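S.K.: For reference, the structure I am asking about is given below.
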Amino acid sequence: MKVDDETLTAMQLKILTMTAEGMSMKLISASIGISIKTVEGHKYKIYNKLKAKNAPHSVMIAMREGILR
């Protein structure tokens, strides 16, 4: 599977990066200034785009594909 960082929006990439750093959805939402529901929506879209099952799986795929370093 080939995925590039252009498949993710800037916000999705930011949320994925914060997830990789171990931040909770609550902390991500407070840091960015969006609701937890909006963070959940972005995460759902990230999982779909990366064909991931959950947050750790999405981070693993993103690292493997070079989206996250």
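The values are calculated or read from the model by the stated rules, or taken from the named source; none is laboratory data. Predicted model only: the values in this text are computed from it and were never measured. Reconstructed Cβ throughout: ideal geometry from the backbone, glycine too, with neighbour counts over all protein chains shown. All accessible areas refer to the heavy atoms of the entire protein, side chains included, with ligands and DNA or RNA removed. Shrake-Rupley method; radii C 1.70, N 1.55, O 1.52, S 1.80 Å.
S.K.: Per residue, how large is the accessible surface of the chain? Use a 1.4 angstrom probe and give square angstrom. Write out the running numbers ahead of the final one.
M.R.: Numbers: 4310 Å² over 69 residues.
With all protein chains present, the chain gives 63 Å² per residue.
S.K.: If you don't mind, there's one more thing I want to ask. Using every Cα-Cα pair within the range 21-61, state what percent have a distance larger than 11 Å. Please report the intermediate quantities before stating the final value.
M.R.: Numbers: 503 of 820 pairs.
Looking at the range 21-61, the distances longer than 11 Å represent 61 percent of pairs.
S.K.: Work out the count of Lys pairs in the chain where the Cα-Cα distance is under 14 Å, with the pair 8 or more places apart or on different chains.
M.R.: Lysine pairs meeting the criterion: 10.
S.K.: Let me ask something else about it. Suppose each label sits 7 Å from its Cα in the direction of the beta carbon; what would the Ala10-Leu27 distance come out to in nanometres?
M.R.: 2.4 nm
S.K.: Can you divide the C-alpha Rg of the chain by 2.2 N^0.38 Å and report the result to two decimal places?
M.R.: Values: Rg = 11.0 Å, N = 69, 2.2 N^0.38 = 11.0 Å.
The value comes to 1.00.
S.K.: Given the options Leu50, Leu16, Leu27, which has the most mean-square fluctuation in a GNM of the chain, springs set between C-alpha atoms less than 10 angstrom apart?
M.R.: The residue with the greatest mean-square fluctuation here is Leu27.
S.K.: As a test of reading the structure, rank Glu21, Glu65 by solvent-accessible area (1.4 Å probe, protein chains only), most first. Working shown, then result.
M.R.: On the way: Glu21 130, Glu65 30 Å².
The ranking, largest first, comes out as Glu21, Glu65.
S.K.: May I ask you to give the percent of accessible area on the chain that is carbon plus sulfur, with a probe radius of 1.4 Å? Before the final figure, lay out each step's value.
M.R.: Working: 2500 of 4310 Å².
The value for the chain is 58 percent carbon and sulfur by accessible area.
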